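The values are calculated or read from the model by the stated rules, or taken from the named source; none is laboratory data. Predicted model only: the values in this text are computed from it and were never measured. Here Cβ is always computed from backbone atoms with ideal geometry, including for glycine, and neighbour counts include all displayed protein chains.
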Amino acid sequence: MTRAARAVASPRVVCIGDFRPIARARVPQSVFDYLDGGAEGEVTLRENCRIFNDVTFRPRHAVEVAKCDLHTRVVGLDLALPFLLAPVGYSRLMHPGGEVAAARAAGQAGTGYILSTISGHKMEDVKAGSTGPVFYQLYLMGGRGAAEASIERARVAGFSALVVTIDTPVAGIRERDHRNGMKELISGGLLEKIPYLAQILSRPGWLISFLRDGGVPALPNVVVPGKGPMALIDVAAALAESTVTWADLRWIREIWRGPIVVKGVLTGDDARHAIDEGAVAISVSNHGGRQLDGVPASLRALPEVVEAVKGRVEVLMDGGIRRGADIVKAICMGARAVLCGRAYAYGLAAAGEAGVDRAIEILRTDLERTLRLLGCASIAELDRSYVNVPKGWETG
Ligand SMILES: Cc1cc2nc3c(=O)[nH]c(=O)nc-3n(C[C@H](O)[C@H](O)[C@H](O)COP(=O)(O)O)c2cc1C
């Protein structure tokens, strides 16, 4: 067992928050902040987590719950857990196992993994590495030609759904990344890198594994016709030229023909648009507070979307999930399931696949305990009667 795997297996790791310091100690500051940080003043990032305190439980006591059923169905797929692993771009910077390790951990736990367009591993390898369903998250970086090629590869490889993220017409400004010299570290010359090198050199274990893994590779799933795989440094500029519009969604639906999840919905109007364009599920999401700072927390936006959708499609949500109790609250408020981002990514950065396994296990035991404390035998039985929701939340 590696030292990192021992650290995450320690009985002192009892909640997701306990992975944070372990991750921080293993990876350079620039990588930790890329994962941990949000846009601008990080108001939405903080609010995503804080808002779960505003919703409180209404338990049913003196009820025996011998066994808890955590199963659910998302886009027609049976999942053993009511959460999937969200797309986390460039997970391979956090650990060489990256997206393959996270997908494998999800599959072993009986749940799904969503692979980001900004992946360091080939989509075929990620799919082959997992025994569970894998979805492909699509940006239109590199234009429709690159997108069409990746959609075709996703189909051939057996991906179960496309997740189209609509909240990234330009990358949000993550101030920590600028202060840490992320751009210079990825593509600058030695002179430009020098001011930022100390934090890298202070994590020799990470540096050795990163160099052994080949350093910063191009993006294997964004193959621009006539140019080849996109370089990581070109991502920000490419995103700024690739707003996903409703017309694009129509085009994507024509060439994919499988289930489409639209991610990044915060209003009833956008939810209705997404349904009109053929989405079978929506993820209420603000990108983990990494895009437009000052938008509401995802949980706060959830009731308006649930109300607008009127049961026509499945509603997922992501943002701020750090405990099983958070997942239960989101489901009580109408989410079919949630996506977890940082909750597993801290585990990945701390110890690779072993860290993701442990993060999933913590959330699973949290879920069972919370259901039993609530006096509820299954995820399927959760509804609004198990929570107190502040007045006025329905109206947006
Ligand atoms: C480091 C990092 C990278 C991300 N990259 C992507 C991405 O490539 N595509 C995407 O749709 N969302 C991306 N997200 C957003 C997540 O899919 C998800 O919406 C968010 O992490 C949920 O918030 P949480 O981290 O509080 O769970 C990223 C999030 C993080 C933390």
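Side notes on the structure shown:
- Extreme residue, nearest to His287 (Cα to Cα), among residues of the range 66-103 that are acidic (Asp, Glu) and away from the ligand (no atom under 16 Å from the Cβ): Asp78
- Matching residues, the range 231-250, being farther than 23 Å from Ile186 by Cβ, of a type in the set (A, V, I, L, M) and surrounded by 13 or more Cβ atoms within 10 Å (Cβ to Cβ): Val244, Leu249
- Among the residues of the range 3-30, those that are in a loop (DSSP other than H, G, I, E, B) and either in contact with a strand residue (DSSP E or B) (Cβ under 8 Å, 6 or more places away or on another chain) or more than 25 Å from Leu185 (Cβ to Cβ) (or both) comprise Ser10, Pro11, Arg12, Val13, Val14, Cys15.
- Which numbered condition Leu81 misses (of (1) in a helix (DSSP H, G or I); (2) surrounded by 15 or more Cβ atoms within 10 Å (Cβ to Cβ)): (1)
- Residue in the range 34-46 that is within 24 Å of the chain's Cα centre (by Cα), closer than 24 Å to Gly375 by Cβ and among the acidic types (Asp, Glu) present: no
- All positions within the range 349-396 that are assigned to a helix (DSSP H, G or I), in contact with a helix residue (DSSP H, G or I) (Cβ under 7 Å, 6 or more places away or on another chain), modelled with pLDDT under 95 and of a type outside the set (A, V, I, L, M, F, W, C): Glu394
- Sole exception among (1) under 26 Å from Arg26 (Cα atoms); (2) part of a helix (DSSP H, G or I) for Leu339, by number: (2)
- Look at (1) among the basic types (Lys, Arg); (2) without any contact (Cβ under 8 Å) to a residue 60 or more places away in the chain; (3) closer than 19 Å to Tyr113 by Cα and you find that Arg323 fails only one, number (2).
- Residue check for Val156: among the β-branched types (Val, Ile, Thr), within 12 Å of the ligand (Cβ to nearest atom), more than 30 Å from Gln29 (Cβ to Cβ) and at pLDDT 95 or above: no
- Some residue of the range 162-177 being touching a Leu at 6+ places or on another chain (Cβ under 9 Å), at pLDDT 95 or above and away from the ligand (no atom under 15 Å from the Cβ): no
- Candidates Ala9, Ala62, Ala102, Ala86, filtered to the one that is among the hydrophobic types (A, V, I, L, M, F, W, C), within 17 Å of Ile331 (Cβ to Cβ) and in contact (Cβ under 8 Å) with a residue 12 or more places away in the chain: Ala86
- Residue in the range 13-22 that is on the phi > 0 side of the Ramachandran plot, within 16 Å of the ligand (Cβ to nearest atom), surrounded by 15 or more Cβ atoms within 10 Å (Cβ to Cβ) and within 23 Å of the chain's Cα centre (by Cα) present: no
- Checking each residue in the range 302-331 for being within 13 Å of the ligand (Cβ to nearest atom) and either crowded, with 24+ Cβ neighbours inside 10 Å or assigned to a helix (DSSP H, G or I) (or both) picks out Leu316, Met317, Asp318, Gly319, Gly320, Ile321, Asp326, Ile327, Ala330.
- One residue from Gly110, Gly142 being surrounded by 22 or more Cβ atoms within 10 Å (Cβ to Cβ), more than 21 Å from Leu207 (Cβ to Cβ), more than 12 Å from the ligand (Cβ to nearest atom) and touching a residue at least 24 places away in the same chain (Cβ under 8 Å): Gly142
- Residue list for the range 31-65, filter: in a helix (DSSP H, G or I) and more than 12 Å from the ligand (Cβ to nearest atom): Val43, Asn53, Asp54
- Residue ranges of strands (runs of 3 or more DSSP E) in the range 198-289 with at least 3 members within 16 Å of the ligand (Cβ to nearest atom) and of a type in the set (A, V, I, L, M, F, W, C): 260-265, 281-285
- Qualifying residue in the range 44-51 (condition: modelled with pLDDT of 95 or more, closer than 17 Å to Arg358 by Cα, surrounded by 14 or more Cβ atoms within 10 Å (Cβ to Cβ) and not hydrophobic (A, V, I, L, M, F, W, C)): no
Each row is one residue, and each column tells you yes or no for (1) closer than 19 Å to Ala349 by Cα; (2) touching a helix residue (DSSP H, G or I) at 6+ places or on another chain (Cβ under 6 Å); (3) buried (at least 17 other Cβ atoms within 10 Å of the Cβ).
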{"site": "Leu185", "(1), (2), (3)": "yes, yes, yes"}
{"site": "Leu191", "(1), (2), (3)": "no, no, no"}
{"site": "Tyr196", "(1), (2), (3)": "no, yes, yes"}
{"site": "Gln199", "(1), (2), (3)": "yes, yes, yes"}
{"site": "Pro217", "(1), (2), (3)": "yes, no, no"}
{"site": "Asn221", "(1), (2), (3)": "no, yes, yes"}
{"site": "Pro225", "(1), (2), (3)": "no, yes, no"}
{"site": "Pro229", "(1), (2), (3)": "no, no, no"}
